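Step one of this worksheet: look at the structure below.
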Amino acid sequence: MNVTKDIVKDLLPLYVAGEGSRDTRALVESYLRSDPELALLADALSADELAAAHPAAPPPGAGRAELARTKALLRRRTWLLSLAFFFTGLPLSFAADAHGIRFLLLRDAPGVASAFLAVGVVLWIAYALTARRVRVTGL
């Protein structure tokens, strides 16, 4: 296999960071002796520039924490939707008989029906905000 300049450029971050194997270091050093332009590039590369070019991997538990937050957000959205339907629908429940349609809670307890509707509106707003947050996070 012919080692090209591009291959050595790919190995250069490992070489500068001191993370390559002994064979990789020997290969890069021999190529740097034959290519002064690439040798200057290797000298110019510092550990800070390498860290900026290749950010560190996230900590091991970061994915689990994000998954737990996502599950909690989706669970909250589901509960808000269910409760919003319940508190909106309960005051609007009706019965149909020979006398026509009667709204049960509105007729018997209009204050309670109004309170339930108000709670329903608050829950719909909370649901909309949570659904927006789910869309913003890209789920």
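Here, each number is a calculation from the coordinates, and none is a lab measurement. All of these numbers come straight from a predicted model, not from anything done at the bench. Positions of Cβ are generated from backbone atoms using ideal geometry, with glycine treated the same way; all protein chains shown enter the neighbour counts.
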Next item on the list: Helix by helix through the chain, keep the DSSP H runs that span 30 Å or more along the axis on Cα and average at least -0.5 on Kyte-Doolittle, and give those back in order.
Entry: 62-89, 110-136
Item checked: Chain lengthening between ASP108 and ALA72 when straightened (0.36 nm per residue, less Cα-Cα) -> 9.1 nm
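Could you compute the net charge surrounding ALA39? Neighbours are other residues with a C-beta less than 11 Å from the C-beta of ALA39; K and R count +1, D and E count -1.
Net of charged neighbours comes to -3.
Tally Lys and Arg at +1 and Asp and Glu at -1 over the other residues with C-beta under 14 Å from the C-beta of LEU11: what net charge comes out?
With Lys, Arg at +1 and Asp, Glu at -1, the net is -2.
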Next item on the list: Using Rg/Rh (Cα atoms, Kirkwood Rh) as the read-out, say which of [x] 0.94; [y] 1.52; [z] 1.00 was calculated from these coordinates.
Entry: [y]
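Report the local net charge at LEU123: Lys and Arg +1, Asp and Glu -1, summed over other residues whose C-beta lies under 12 Å from its C-beta. Provide the component values of the computation, followed by the final result.
On the way: positive: ARG76, ARG77; negative: none.
Within the 12 Å Cβ shell, the charges total +2.
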Check: In deg cm²/dmol and to the nearest 500, what is the mean residue ellipticity at 222 nm of the chain if only DSSP H runs of at least 4 residues count, each as -39500 (n - 2.57), divided by the residue total?
Finding: -24000 deg cm²/dmol
